[in-house]
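See below for the structure under consideration.
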Amino acid sequence: MERFTGSFTQQEPIPEAAIAAAVAVMRSGRLHRYNTLGDDPGEAALLEQDFAAAMGAKYALAVASGGYALATALRAVGVKPGDRVLTNAFTLAPVPGAIASLGAVPVFVGVSEALTIDLDDLAAKADQAEVLLLSHMRGHICDMEALTALCRAHDLTLIEDCAHTMGARWNGVLSGRHGRVACYSTQTYKHLNSGEGGLLISDDADLMARAVMLSGSYMLYPRHLAAPDPAVFEAVKYDTPNISGRMDNLRAAILRPQLAQLTTQCAAWTARYRVVEAGLRETPGLRLIERPEAEEFVGSSIQFLLLDWSAEAIQAVLARCAARGVELKWFGGAEPSGFTSRYESWRYAPSAPMPASDRVLKAIVDMRLPLTFTLADCALIARIIRAEVLAVQQAGDGD
Ligand SMILES: *Cc1c(COP(=O)(O)O)cnc(C)c1O
């Protein structure tokens, strides 16, 4: 019986050029982003310039984490304590957590069978809030023309959470370029790896000046290379609190050489995704998520549905795959576990049951595809999953 022996949590090493850049920062001792010398703008300011250029945005800001970027975006668009903010029911805990960190209240919007935000549910709830924090969860991008039309019709400010879509596109437009502001994570499991870190982009000068101040720029904002003109800060500098969450030069140094490789890395993820997808295709009882042609996704993880299976049968598949070295995550578990939790588990936020979404959530099986896996590894993983899904069904547990 075949067994997979790779690690689902093993990312690639940091590139040598990034290690060299990090060592140079450490030798200088100047790790704080504003601790710069002479004409050297520092790695953090250079990263912002590089990232703004890569995303085609006017402005970029590097911060301490993706979750911090989300909270900063919410504050910068003017969300206040007690405000309601629409967001996905299918996402990771830092998303509703960012809303709660402002004393604001998440309003959960359901998930479709395509694993994107349910646009009908969004339309039904749109008048409850002025802001939508849209999570492109696990890299699934909804119909962005329909979504932006809905936002316009209901006067919703769109913040994009692109933690899983850095480098992805919808109809040729980079993910993160549809909303007023977009947030990214550079935490180890995302598309760039600095351990922790976040980025934020926008074309809105006032919003970005606030975000820079919020991130803890003190009055040193003229040192940024991808921020609005210092004159814009005059209007916000007295009434924007410093909620310290800067990125340091060391992490920025690690990220810049990785950013230069982003397109290549994204293609490598998607090649792995396509091999797993092909290996799982037409497995009875297993539903793949068909990706729309408009979506140039980044296949850094893959999901499939065991729709209307019993919890016991799904758990049997997970256990049998785990015994053969294939680590699957399940979004349907009653209890939060590892990185995975459900909207009802976020009890600080009110939620009414969403039966159609619950049916989907209960069916979602999720797997990371680190770039340390070869294409042959991916084919093997798919064979194992396929065999175990069939075995559980033949044992009569599946239905
Ligand atoms: C990882 C993640 C975040 C938060 O990023 P951190 O850098 O870990 O704070 C936000 N949203 C989603 C969907 C994520 O996966």
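Scanning the stretch 215-253 for residues that are surrounded by fewer than 24 Cβ atoms within 10 Å (Cβ to Cβ) and among the aliphatic types (A, V, I, L, M) turns up Met219, Leu220, Leu225, Ala226, Ala231, Val232, Ala235, Val236, Ile243, Leu250.
Results for (1) free of Cβ contacts under 8 Å to residues at least 24 places away in the same chain; (2) among the small types (Gly, Ala, Ser), shown as yes or no for each residue.
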{"site": "Gln10", "(1), (2)": "no, no"}
{"site": "Glu16", "(1), (2)": "yes, no"}
{"site": "Ala22", "(1), (2)": "no, yes"}
{"site": "Arg27", "(1), (2)": "yes, no"}
{"site": "Asp40", "(1), (2)": "yes, no"}
{"site": "Ala45", "(1), (2)": "no, yes"}
{"site": "Glu48", "(1), (2)": "no, no"}
{"site": "Thr87", "(1), (2)": "no, no"}
{"site": "Pro94", "(1), (2)": "no, no"}
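Step by step: first the residues of the stretch 175-189, then only those that are β-branched (Val, Ile, Thr) and open to solvent by less than 40 Å² (accessible area, probe 1.4 Å), then the one that is farthest from the ligand (Cβ to nearest atom). Which residue is that? Going through the qualifying residues, I end up with Val181. Looking across the stretch 262-285 at every residue that is in a loop (DSSP other than H, G, I, E, B) and without any contact (Cβ under 8 Å) to a residue 60 or more places away in the chain, the one that is nearest to Glu48 (Cα to Cα) is identified as Arg281.
Scanning the stretch 173-190 for residues that are more than 14 Å from Ser301 (Cβ to Cβ) and either outside the structural domain of Leu147 (by TED's automatic domain parsing) or part of a strand (DSSP E or B) (or both) gives Val173, Leu174, Val181, Ala182, Cys183, Tyr184. Annotation: Gln261 fulfils all but one of (1) under 18 Å from Ala57 (Cα atoms); (2) open to solvent by 60 Å² or more (accessible area, probe 1.4 Å); the unmet one is (1). Screening Arg210 with (1) within 16 Å of the ligand (Cβ to nearest atom); (2) within 13 Å of Arg75 (Cα to Cα) gives one miss only, at (1). One residue alone among Glu344, Glu327 is under 18 Å from Ile117 (Cα atoms) and touching a Ser or Thr at 6+ places or on another chain (Cβ under 9 Å), and that residue is Glu344. Scanning the stretch 146-174 for residues that are touching a Lys or Arg at 6+ places or on another chain (Cβ under 8 Å), touching a residue at least 60 places away in the same chain (Cβ under 8 Å) and within 16 Å of the ligand (Cβ to nearest atom) gives Ile159, Ala163, His164, Met166.
Would you confirm whether any residue within the stretch 242-261 is of a type in the set (A, V, I, L, M), under 15 Å from Pro370 (Cα atoms) and touching a residue at least 60 places away in the same chain (Cβ under 8 Å)? No. Determine whether the stretch 190-201 contains at least one residue that is closer than 16 Å to Ser65 by Cα and away from the ligand (no atom under 14 Å from the Cβ). Scanning the stretch 190-201 turns up at least one residue that is closer than 16 Å to Ser65 by Cα and away from the ligand (no atom under 14 Å from the Cβ).
The values are calculated or read from the model by the stated rules, or taken from the named source; none is laboratory data. Computed from a predicted model, the values in this text were never measured in an experiment. Methodologically, a virtual Cβ is constructed for each residue, glycine included, from the backbone with ideal geometry; neighbour enumeration extends over all protein chains shown. For accessibility, only protein heavy atoms count, side chains too; no ligands or nucleic acids. Shrake-Rupley method; radii C 1.70, N 1.55, O 1.52, S 1.80 Å.
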